[in-house]
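Novice: The structure that follows is given in the form of structure tokens.
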Amino acid sequence: MQNLKPEKDNKKGRMSFVEYWADFVKNNPDRVWSRQQKLLINSQIKNAQNFRLSKKDYLELKKEIAF
């Protein structure tokens, strides 16, 4: 499996990670990589629940229109 290396360019960094993760998924059992995805998804949900801004306030900060 390839090593994940930092990139100078954000787009290259993202593509490097996508390639790294695809290689990781291909070369490891489902049980290994799905456990890691579970940790990531659960941490994102927990972070979103602790987010203090409402959807409207967040979109206003981003200068977007709330639907």
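The values are calculated or read from the model by the stated rules, or taken from the named source; none is laboratory data. Just so we're clear, the structure is a prediction, and the values are computed from it rather than from any experiment. Cβ placement follows ideal geometry from the backbone for every residue including glycine, while neighbour counts extend to all protein chains displayed.
Novice: If you take the residues in the range 6-50 that are exposed (fewer than 10 other Cβ atoms within 10 Å of the Cβ) and not in a helix (DSSP H, G or I), which one is modelled with the lowest pLDDT?
Specialist: It comes out as P6.
Novice: From the set of residues in the range 51-67 that are in a helix (DSSP H, G or I) and basic (K, R), which is farthest from the chain's Cα centre (by Cα)?
Specialist: K56
Novice: Related question: Which residues, taken from the range 16-50, are under 14 Å from the mean Cα position of the chain (by Cα), within 25 Å of P6 (Cα to Cα) and β-branched (V, I, T)?
Specialist: Those that are under 14 Å from the mean Cα position of the chain (by Cα), within 25 Å of P6 (Cα to Cα) and β-branched (V, I, T): V18, I41.
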